[in-house]
1. Where the accessible area of the stretch B:179-294 is counted over protein heavy atoms with a 1.4 Å probe, how much of it, in %, is carbon and sulfur?
2. Put +1 on the Cβ of each Lys and Arg and -1 on the Cβ of each Asp and Glu in the protein assembly as shown; which of B:TRP599, A:LEU260, A:PHE326 then has its Cα farthest toward the positive end of the dipole?
3. Looking at the stretch A:671-698, which residues lose a minimum of 40 Å² of accessible area between their chain alone and all protein chains in place, measuring with a 1.4 Å probe and not counting ligands or nucleic acids?
4. Over the Cα atoms of the stretch A:662-811, each weighted equally, I'd like the Debye log10 I(q)/I(0) at q = 0.15, 0.21 Å⁻¹, rounded to two decimals.
5. Hey, what do the phi angles of the stretch B:627-641 turn into as Karplus ³J(HN,Hα) couplings, whole Hz, using 6.51/-1.76/1.60 and θ = phi - 60°, x for Gly and Pro?
6. Please list, or write none, the lysines whose alpha carbon is within less than 17 Å of the alpha carbon of A:LYS551, excluding same-chain residues fewer than 8 places away.
7. From Cα coordinates alone, what are the radius of gyration and Dmax values for the stretch A:393-591 in angstrom?
8. Of the heavy-atom accessible surface of the stretch B:634-682 (probe 1.4 angstrom), what whole percent is carbon and sulfur?
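The values are calculated or read from the model by the stated rules, or taken from the named source; none is laboratory data. This structure is a prediction, so every number in the text was calculated from the model and none was measured. Counting neighbours? That spans all protein chains shown, and the Cβs are built from the backbone with ideal geometry, glycine included. Please note that ligands, DNA and RNA were not included when accessible areas were found on the heavy atoms of the full protein model with its side chains. Shrake-Rupley method; radii C 1.70, N 1.55, O 1.52, S 1.80 Å.
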Amino acid sequence: MLCATGRLLAAESTALPAQPRGRGPRRCRRRELHFPGHPELPLCRTASVPTGRRAILRRGRMPSAVCGGLAGSELRPRRGRYGPQAARAAVPEEAAEAAAQSPKRPAPGSRPSEAACRWVLLALVTLLAFATRFHRLDQPPHVCWDETHFGKMGSYYINRTFFFDVHPPLGKMLIGLAGYLSGYDGTFMFQKPGDRYEHHNYMGMRGFCAFLGSLLIPFAYLTVLELSKSLPAALLSAALLTFDTGCLTLSQYILLDPILMFFIMAAMLSMVKYNSCADRPFSAPWWFWLSLTGINLAGAIGVKFVGLFIILHVGWNTVSDLWHLFGDLSLSLVTVGKHLTARILCLIVLPLALYTAIYAVHFAVLNQSGPGDGFFSSAFQARLSGNTLHNASVPEYLAFGSVITVKNLRMAIGYLHSHRHLYPEGIGAHQQQVTTYLHKDYNNLWIIKKQNTDSDPLDPSFPVEFVRHGDIIRLEHKETSRNLHSHYHEAPLTRKHYQVTGYGINGTGDSNDFWRIEVINRKFGNRIKVLRSRIRFIHLVTGCVLGSSGKVLPKWGWEQLEVTCTPYLKETLNSIWNVEDHINPKLPNISLDVLQPSFPEILLESHMVMIRGNNGLKPKDNEFTSKPWHWPINYQGLRFSGINDTDFRVYLLGNPVVWWLNLLSIALYLLSGSIIAVAVQRGAHLPGEVEGLSQVLLRGGGQLLLGWALHYFPFFLMGRVLYFHHYFPAMLFSSMLTGILWDTLLRLCACGLAASSLASGVHMGGVLSLLLGTAYSFYLFHPLAYGMVGPLAQDPQSPMAGLRWLESWDF
Amino acid sequence: VATRLLSRSFPGTPRGWLFCKMLGFLQRPVVVTADVNLTVVALTAAGLLSRLWRLTYPRAVVFDEVYYGQYISFYMKRVFFLDGSGPPFGHMLLALGGYLGGFDGNFVWNRIGAEYSSNVPVWSLRLLPALAGALSVPMAYQILWELRFSHCAAMGAALLMLIENALITQARLMLLESLLIFFNLLAVLSYLKFSNSQKHRPFSPSWWLWLTLTGVACSCAVGIKYMGIFTYLLVLGVAAVHTWHLIGDRALSNVCVLCHVLARAVALVVVPAVTYLLFFYVHLTLLCRSGPHDQIMSSAFQASLEGGLARITQGQPLEVAYGSQVTLKSASGKPVPCWLHSHPSTYPLSYENGRGSSHQQQVTCYPFKDVNNWWIVKDPGRHQLEVSNPPRPVRHGDVVQLVHGMTSRLLNTHDVAAPLNPHAQEVSCYIDYNISMPAQSLWRLDIVNRESDAEIWKTILSEVRLVHLNTSAILKLSGAHLPDWGFRQLEVVGEKLSRGYHESAVWAVEEHRYGRSQEQKERELELHSPTHVDVSRNLSFMARFSELQWRMLTVRSDDSEHKYSSTPLDWVTLDTNIAYWLHPRTSAQIHLLGNVVIWASAGLATALYALLFCWYLLRRRRRVCELPEDSWLRWVLAGALCAGGWATNYLPFFLMEKTLFLYHYLPALTFQILLLPVVLQHIGEHLCRSQLHRSLFGALVVAWYSAACHVFNMLRPLTYGDKSLSPSDLQALRWKESWDILIRKH
């Protein structure tokens, strides 16, 4: 039973190649008959109805001209994919026509007016987008919300100081570049939201973000146009985005989101474009759009890891595309192989290369020590000029008698540390504390000694003896001459672990001071390298492993971090250490540059640090946090600027009319989509025009729905802190879906109504009222984005009074 | 040999009987036909033998019995408890064993290895899991049979289940995995029976029986452990695909299709949901007494239990009036449940980091009952602190003042940074130092769960927020512990930044009485005296269910490190084990340790299945069909259920952040074991070209199975723990470095 899916697909693929010969050409031609007269709104039922009627009479089952003209063109790329060569051979003139259909080319004959109309509308939409996004862009002239982060990071690029952020670097690099080109010198501190920019030139960076944010709208317009071949649908989608206060607000500030959304939409657009080139594989536009998709994917993931979702989307599209090609028996395996290779090249190799290149630039630009150093390993820090490890030289291999500092491999744990203070009474044994400490200090120094000889290993008469993997050692604290010690007492905070103390007098202790030193992934007897070797210390008597729990000790421990000996022999980073400083006069120093990590190592490390950083962003208890289910219902906004009624307030909140319409549309889409799918599955004979429209709904709408779902549902699985603005990529997709859905539904209504004048009126009226409705709601809510001063909305004096439709909005 | 199925005869028999009764038994002779599959009987017997043999040994607490045992005791004593690890059905089944054995619940479950006292009916406590484990063996046979595989393959699956050491160990103890596996298999089996009867006899009684049983088994699986939901989703998915094909079947009328879809929706969605609720209903009916976990639940919930809070709050006045004396409990149980509290100490003049405070009286949240938790609700317009006659109830939206009972100071907040969360406002009890800091002690009452805007503030039932009138800050528990000057109590702040709903800003009146005394001295005496008047209140089942379910899902387990925890990657290769029990004197010990041969070959079979499946799929796409249609369909369905069952029960663990153990893998392993004979039969039938190949392959399979038996036999002492082994024997059993086998040092 299960495999019948396979059968179904197979049946489909055999059935479909027949279509073009039967239906296609006529459809195209008929479509051409209709449109010329009505360039603005290529609605089927206007003057052309009689033709359609005649067609019904003449062709029996093929009456589809009325609404099907639209759908026919949507079907064409698919059909082409099933048997492009056959189709091309059989009806060469059709191919020419198909080419003429593409909005990119000026169509011959009767087409120019329609194409011109598209271009005019596109220009109009773009103009409106730019106008709304650039209006009052300089307001407020102070740092808003996350500008404090991303503006600051832009400055870091200009100043070339190293920093750490949980997002990949492309977005911030572009911001930095925009600032640099527009004459910003990187001197503004971006300390906290509300700081005035004064004379600093911030408009370049804001302008750049607004520019990318404005482009979202023409992209949405083109994508919807390509998916539905319907101007009203495209217009509607563009209007929804233009008039959404949320998108507008998010595009007007120095943030990563407009850049991210730009790449996501660009990838979507180029994917759709490339899909419609599928009937001309390996042609120049086909290559162009395919590689452009790859480039945009690299851009999206280079800005934020959220870009992964659009990669999944494109990946899914590509796999299903290849699956269809593979099932097309008219294509030889060699051709299929070529298709596969082309996609691997453009969608995997190219983005990977670009992504790596982004990091190469990132590391090349940021070559000076800065606030991000501490997050990275010792070897990494050696690259940065200004860091103490830069150009330092130390002996390469550990030997007995070496004075060392030991750093935990886990981020922000620090160095193994001890000091002349005892654990307080009642907390384990009353012995000297051992902690980890984040700063460099004399108390971080330890001497490696042999297990039970007290002879001074630095005595020149003894030969140098290197420490090897598996050796039994003693670690003596240099300042206090106490040995690192552990015993069966519970650790101060982590009760299941053992306490670690400093014990003994002048280096003489007991057998609880012995540790076996082990290198991860090394064989027995290997020497131990400074910086590079990942080592563990295993307590000889109890068999536990030296680690840090990362918990902060109370005041008696100076709020340093707890060190324990864990009986669980798991390889967690908490119990892995490396040697950072190393002093041994008997050994020759080598330059640390020799140890410099290679580029792949840096790349890997920075990713590990980023992932850990992302996972570290956990919400605290008892904190109000934004939940994914809040987002589509526009439950709560984000304050970008200002709290009190005297402040200039900007509030990130979606235009509720748009958002709730989107929400309704998704429900309606699921309903109508499943009705159509069941009807088709039941083998119902849909009239031609309805079938065409339902194809648009299922295919085009399905792609957008997939995009929405991929950009929304994964957030439910994420443990990190979430914010309202994470929903905006999904919102773009759902707005486009709304455009297609309402246009198609209204057309279906129109098709259902017999009287032709009424039918076109219904469609026109519906689309117009939606357009005007969103425009009016934008007029109502625009102060949210452009800024408000004066009393808060609960005050009846406020211009926003009566617009606080949900109690949870606070503007 | 009767190759027909045993269980097919079971539904057949009562159906025939019912039929006769209905149509008049006079017309036909009463005939009972039964055909018995002796193979199944033999397999069941072997299963019972392997699982029930010396079941009471060891007569000591083994591993997680220490954990589940305490809940059995709670059931026996009918004391309420909260266990976040899973829904209550599994615990109830274990308790059923205790009930049947006459267990009185008197045993202290505190240590693994502790000897059971004579009042603990070990045999009956361990019986149900063992039976479930034993019955999984014949069920494996039946599943493969229903998948239309050969008798040999079906036998093979059952025999593999029989000699899987890990399954045996897990089934012989008071643990839940074998029950979970049983219901997983039952769900799959009954779905297969249902879908096989679909073609011939839709809507027949047996069709309904298997369909409903699928739903019930699924909800039982979910009711035992949340991970049962993976199997449920799998079955739902397969059912959805089948239904989709049914919808496409144009030979059926629309009405018929609708009936089919509705029947499935009811049996696979509604029935499981109702059954799941039923578990909780029984659970809550059984546990009617208050117990150690009361504190986590809301006051309303606690008041519905016998004893505990109910004893205190029994008969309190319901409606809070001006002059009421109340204690206010925070709705958030994080980090601990606590009550709004104040005491004569003041905030320190300046904190360690140099910030200043108002130096007024501290307001905190205190996790113990205390006389300082009492507050008096005061009408700002009047002076008296006693309830007038008749009482004037407080309603949603009213403005009140809260007077601390023992110190008579007003609850106050102002624009001073809170001690630990400087972005929020400090909350204090106002002391007039005669400086320019007026009292800001007016609070607007906001009843969160109100039904109308004129709702009266009710004891226990109302969840309220206190919104400060001047600054619109909300009284909130920040969750941070104050330092020593605040006696390590919890910090309370006025939160003004965000107005979303959060539990930590919600409070409920727990103890309540109408204040009668005018004088402070009298009032103090009154506050010290216990409350008592008479009103009873009941919470509806759905309210109790939703609260309990929510708490179970959100309760946080504390320190999650465990010596035997492992990662999902360790499971496939069996790189880990769990030591369950060690004999107090000898070296006899029980380990959760799988049959290495079976684990390795099951893993290989899964990989092979995936490869072959992809290969066939690609070939079919290019119209090359080596497999006949029916064997392809069979191959796909078997893969969807077995390989799919493995994947859905295994892969989600990679996303989980909780502590994981080897036994979490057992449900997935069961599905993998089912897949193994499927792949073997396929190789034998389709990939071995000649008769010679086939015989050779058959011989290989026999050799392989003997190897598995041999391994089973070698690991048997660690499975049953009945034999003391010498250190060298133990060392010899330690086949992998990572296995932790306990060797005594003498």
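1. That fraction is 77 percent.
2. Toward the positive end, the furthest listed residue is A:PHE326.
3. A:GLN681, A:ARG682
4. -0.96, -1.29
5. Coupling constants for the stretch B:627-641: 7, x, 4, 5, 6, 5, 4, 5, 4, 5, 5, 4, x, 4, 7 Hz.
6. Hits, sequence-local ones excluded: A:LYS407, A:LYS496, A:LYS618, A:LYS620.
7. 15.6, 47
8. The nonpolar share, carbon plus sulfur, comes to 70 percent.
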